[in-house]
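Just so it is clear, none of the values below were taken in a lab; they were calculated from the coordinates. Bear in mind that the values here come from a model prediction, so they are computed numbers and not experimental data. Note: ideal-geometry Cβ built from the backbone for every residue, glycine included; neighbour counts use all protein chains shown.
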Amino acid sequence: MSKKILITGGAGFIGSHVVRLFVNKYPEYQIINLDKLTYAGNLANLKDIEDKPNYRFIRADISDLDEMRRIIRENQVTGIIHLAAESHVDRSIRDPFIFARTNVMGTLALLQAAREYWESLSEGYEGKLFYHISTDEVYGALELTDPQGVESPFTTVASSELHHLAFGREFFLEETRYNPHSPYSASKASSDHFVRAYHDTYGMPTIVTNCSNNYGPYQFPEKLIPLFINNIRHGKPLPVYGKGENVRDWLYVEDHARAIDTIFHNGKVADTYNIGGFNEWKNIDLIKVIIKTVDRLLGRPEGSSESLITYVTDRPGHDMRYAIDSRKLQRELGWEPSLQFEEGIEKTVRWYLDNQDWMDNVTSGDYLKYYDSMYADR
Ligand code: NAD
Ligand code: DAU
């Protein structure tokens, strides 16, 4: 039987890359992109594949249980790749409730609707999969360390024996205990627990993956990299939180999409995989690379935009360091990142500079007005 895959959040940043990969690579599958089209969802991200015969878009809210029941049943869905979420930490600090509604209640509604439909079939769960996309942020924060070991404010986490030491540094492992700090990561942690509970309680075939920071085309410009590229272009201040010393582990978004493809097809049911590129950058160092690249591509003296750097009040509860150990995925399923960071960041900066229309459209919010009128009667 041909696969009918429901991808939630497919109009967002990572989701649009996953939808594109699946639609192009698997013409025999039916790909249904289910998205509410919040401020972060934009169908312009999928212009190049929207007319493909194996692609369909449905506007819906994952927290609407009856809608999820109807959509899953009517489309005879055999697999779900669940990316829909509220995804921005700063927004979660301002309004935690929408994060609980979408990330927790929405995931639960999707799980329940899939469970009811799959359990009603004669073959039951055979050939089905609920694949939940999560984040490294659920593990909390690692200390800012060098191999010699520097004092850190995160002593409780740092002293945990569950944290793995590799290359003289600590990394998040699949076994690392959950310790979320922001309302965003707390909501993602909660949704991960519900997914695992549906496996353990009802036998639903599930997989959870936890990925590090993604970068690349189509990321909403509230996130560090696209926001800073756009601000540098327009000579606007670059708001660096705190001292800019926090560390993130960056992965090119298409490499994440490739990992999702590999895991969806070959991953072990009920298992967890960490996804990351062993590519840690202190924010301020990353920002200087972005500045140099934008300046060079715009024909300005390299580094001249460093004067735009503006240190601002830190994000409350700002996690110091994330670093993923993805060697299980490399060892068991043979995935590894395809792009070197230098190549990925150059591609990314070029893409944003070449697609100013896309940027203007999302910063003006015009696309939201367009969808609201287009879907007003549904
Ligand atoms: P995004 O904010 O760019 O996109 C989220 C998408 O979900 C949007 O299209 C939005 O319209 C949709 N959505 C939101 N609420 C919805 C609802 N109630 N019903 C239906 N659709 C809804 O997010 P992203 O950065 O692409 O992240 C996608 C997933 O990957 C999220 O689950 C996130 O937690 C996870 N993740 C992100 C990163 C990262 O670096 N961006 C890293 C690891 C994991
Ligand atoms: O680790 C995976 C997570 O990465 C995902 O789960 C989240 O959905 C995604 O948003 C991202 O979270 P971060 O908080 O790490 O990403 P953000 O781009 O918001 O910030 C990256 C770092 O840059 C972080 O240390 C905060 C800092 N920052 C961010 C912004 C927006 C600044 O210094 N200034 C800024 O204006």
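Table: residues versus (1) part of a helix (DSSP H, G or I); (2) of a type in the set (S, T, N, Q); (3) within 12 Å of ligand 1 (Cβ to nearest atom); (4) under 14 Å from the mean Cα position of the chain (by Cα).
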residue: LYS188; (1), (2), (3), (4): yes, no, yes, yes
residue: ARG196; (1), (2), (3), (4): yes, no, no, no
residue: HIS199; (1), (2), (3), (4): yes, no, no, no
residue: ILE207; (1), (2), (3), (4): no, no, no, no
residue: PHE228; (1), (2), (3), (4): yes, no, no, no
residue: LYS236; (1), (2), (3), (4): no, no, no, no
residue: PRO239; (1), (2), (3), (4): no, no, no, no
residue: THR262; (1), (2), (3), (4): yes, yes, no, no
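A Cβ distance below 9 Å, combined with a sequence gap of six or more or placement on separate chains, defines the contacts here; from segment 46-60, residues that are touching a residue at least 60 places away in the same chain (Cβ under 8 Å) and at negative phi reach residues that are acidic (Asp, Glu) and outside any loop (DSSP other than H, G, I, E, B) in the pairs ARG59/ASP35. Within segment 190-243, the set of residues being surrounded by fewer than 17 Cβ atoms within 10 Å (Cβ to Cβ), touching a residue at least 12 places away in the same chain (Cβ under 8 Å), more than 9 Å from ligand 2 (Cβ to nearest atom) and within 26 Å of ASP357 (Cβ to Cβ) comprises GLY235, LYS236, PRO237. Here are some conditions: (1) out of contact with any strand residue (DSSP E or B) (no Cβ under 9 Å at 6 or more places or on another chain); (2) in a loop (DSSP other than H, G, I, E, B); (3) free of Cβ contacts under 8 Å to residues at least 60 places away in the same chain. THR176 meets all but one. Which one does it not meet? Only one criterion is unmet by THR176, namely (1). Residue-level check: of (1) in contact with a Pro (Cβ under 8 Å, 6 or more places away or on another chain); (2) at negative phi, ALA270 misses just (2).
The set of residues in segment 43-98 being within 16 Å of ligand 2 (Cβ to nearest atom), of a type in the set (A, V, I, L, M, F, W, C) and in a helix (DSSP H, G or I) consists of VAL89, ILE93, ILE98.
Being surrounded by 15 or more Cβ atoms within 10 Å (Cβ to Cβ) and more than 21 Å from SER185 (Cβ to Cβ), is that true of even one residue in segment 309-316?
Taking segment 309-316 and keeping what is surrounded by 15 or more Cβ atoms within 10 Å (Cβ to Cβ), we get 309.
From what's left, more than 21 Å from SER185 (Cβ to Cβ): 309.
So far as segment 309-316 goes, yes, one or more of its residues are surrounded by 15 or more Cβ atoms within 10 Å (Cβ to Cβ) and more than 21 Å from SER185 (Cβ to Cβ).
Answer yes or no: is there a residue in segment 280-288 that is within 18 Å of the chain's Cα centre (by Cα), at negative phi, within 13 Å of ligand 1 (Cβ to nearest atom) and surrounded by 20 or more Cβ atoms within 10 Å (Cβ to Cβ). The answer is no; no qualifying residue exists.
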